[in-house]
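Notes to accompany the following structure.
The values are calculated or read from the model by the stated rules, or taken from the named source; none is laboratory data. Keep in mind the model is a prediction, meaning the values are calculated, not measured. Cβ atoms come from the backbone with ideal geometry, glycine included; neighbour counts cover every protein chain shown. We work out accessible area using only protein heavy atoms, side chains counted, and drop any ligands, DNA or RNA first. Shrake-Rupley method; radii C 1.70, N 1.55, O 1.52, S 1.80 Å.
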Amino acid sequence: MREEVSFGLLLTIAVILAPLSIASIGGATAIYAPLQYEVVDLRQWITGREFLDLFAICRFTPGPSSLLGALIAFKVAGILGALVAMVALYLPSSALCYAVGRIWSTHKGKPWHTAVEKGLTPIAAGLIMAGVLALFQLSGGDLLTGAVMVGVAGVLTWKRKMHPFPLLIAGALAFEAAYLLGYMARAA
Amino acid sequence: MGQSSAEQSQTTPVTYGALYSVFFWIGLFSFGGGLMPWIQREIVIKRGWMRDEDFLPGVALAQVLPGVNSTNMAVYVGRHLLGVSGAAVALIGMLTGPFAAMLIAAYSYKAILGVPALHAAMAGVAAAAIGMLLRMGVSAVRTTSKGVLPIAVMVAVFVAIGVLKWPLVPVVLVATPLSVLAAWPRGKKEQGDA
């Protein structure tokens, strides 16, 4: 499955992934289809089954879902391929974000800047709440997820400076307990 | 979120090491999105490196611009604090942990996929992260709820993207100019330091 790592292979990885960096608007879901087409159908670097396995593993490792591109590059071209993939995946979008941020801050204090700042606040609020709903639905939308969500939000209202670790661990423990209870119920 | 500025204390100086460390830990424990509240906690609430007025537009920009929200936010915050090298340090910090975890996973993924108990733990971490996002959303909603038009824009964006699942780009392209126009200063007396 691993070809000879050549400059041409690394270049191909960069050429495939760099456009996906800019194409991934509103999350990595937009890049799955083109990525699958390129690496499975067109170049046959990995099989469809391997693509699904790598996709699943990306859900259980931290970081953005677009890391799938780097994981595939690692399978194809080793550590060098993975590093090239990281640059291709994150440099173009970061450069754009940097440029916009720079324009944003050099015009600070001008009337239009204040208006855009005020105008973006309701957009951000709407997007955050839409994100809560979308993630809740993605997670299955079950009662346990809802309870953990509301519980965490409640604790943070009470202690705003609280560190996230205890909250994340409490969430994991709640789900682990539910899993074990279900497991025991099935075994009985 | 209005009372938060009183709580802020500029105690920790902004250094490359501190910036890297903040984003390294956030990146290492990022499962299933919802990182904005954690970044806000470390940067705005705990260290007082930025104010909410500077941070919240970044939240909107990071989501509207192409690319991953969390890496965009790292670039936005890093640039605001320490310029181009700050942006690079924050971005690399954010990606170090996930990259290392990915390499480990690449060797052991067949074993990991066979442990259902791990699925449950990850789902729990994700649920808690959504709860953090919910708390941040409530704060942002409160900041917004100072006029009829901002509330209308906020609800419209939420319904269009969250409920109706319309694509992000056209919704934002229509909503942003309307929202900015509504916030445009009439007369010039409000022109302050912003």
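The single condition from (1) touching a residue at least 60 places away in the same chain (Cβ under 8 Å); (2) farther than 15 Å from A:Leu167 by Cα that B:Val159 fails is (1).
With respect to the conditions (1) at pLDDT below 85; (2) at the interface with another protein chain (Cβ under 7 Å from one of its Cβ atoms), A:Pro62 falls short on a single one, namely (1). For the stretch A:29-52, a tally of residues being outside any loop (DSSP other than H, G, I, E, B) and open to solvent by less than 30 Å² (accessible area, probe 1.4 Å) returns 5.
From the list B:Val59, B:Val22, B:Val68, B:Val64, which residue is closer than 25 Å to B:Val171 by Cα, more than 7 Å from chain A (Cβ to nearest Cβ) and either open to solvent by 10 Å² or more (accessible area, probe 1.4 Å) or not acidic (Asp, Glu) (or both)?
Criteria check complete, one pass: B:Val64.
Evaluated against (1) within 20 Å of B:Arg51 (Cα to Cα); (2) surrounded by fewer than 22 Cβ atoms within 10 Å (Cβ to Cβ), B:Val115 falls short on exactly one condition, (1).
Within the stretch B:115-126, residues that are closer than 15 Å to A:Leu168 by Cβ and facing chain A (nearest Cβ under 7 Å) reach partners that are acidic (Asp, Glu) and open to solvent by 20 Å² or more (accessible area, probe 1.4 Å) with beta carbons closer than 9 Å, at six or more positions or on different chains, in the pairs B:Ala120/A:Glu176; B:Ala121/A:Glu176; B:Gly124/A:Glu176. In summary, B:Asn72 fulfils each of the numbered conditions (1) more than 15 Å from the chain's Cα centre (by Cα); (2) more than 20 Å from A:Phe55 (Cα to Cα); (3) polar (S, T, N, Q) with the single exception of condition (1). I'd like the residue in the stretch B:139-150 that is more than 7 Å from chain A (Cβ to nearest Cβ) and part of a helix (DSSP H, G or I) and, out of all such residues, is surrounded by the most Cβ atoms within 10 Å (Cβ to Cβ). The selected residue is B:Ser139.
With respect to the stated conditions, B:Ala90 fails to be within 7 Å of chain A (Cβ to nearest Cβ), modelled with pLDDT of 90 or more and more than 24 Å from A:Gly151 (Cβ to Cβ). For B:Gln40, the criteria (1) polar (S, T, N, Q); (2) modelled with pLDDT under 85; (3) open to solvent by less than 50 Å² (accessible area, probe 1.4 Å); (4) over 29 Å from A:Gly81 (Cα atoms) hold in every case but one, which is (2).
With respect to the conditions (1) more than 10 Å from every other protein chain (Cβ to nearest Cβ); (2) at negative phi; (3) not aromatic (Phe, Trp, Tyr), A:Leu54 lacks only one, and its number is (1). Among the numbered conditions (1) surrounded by 23 or more Cβ atoms within 10 Å (Cβ to Cβ); (2) modelled with pLDDT of 90 or more, the only one that A:Pro92 does not meet is (1).
Filter the stretch A:125-164 down to residues that are open to solvent by less than 50 Å² (accessible area, probe 1.4 Å), more than 7 Å from chain B (Cβ to nearest Cβ) and closer than 26 Å to B:Leu168 by Cβ, then give me how many there are. The qualifying residues number 2.
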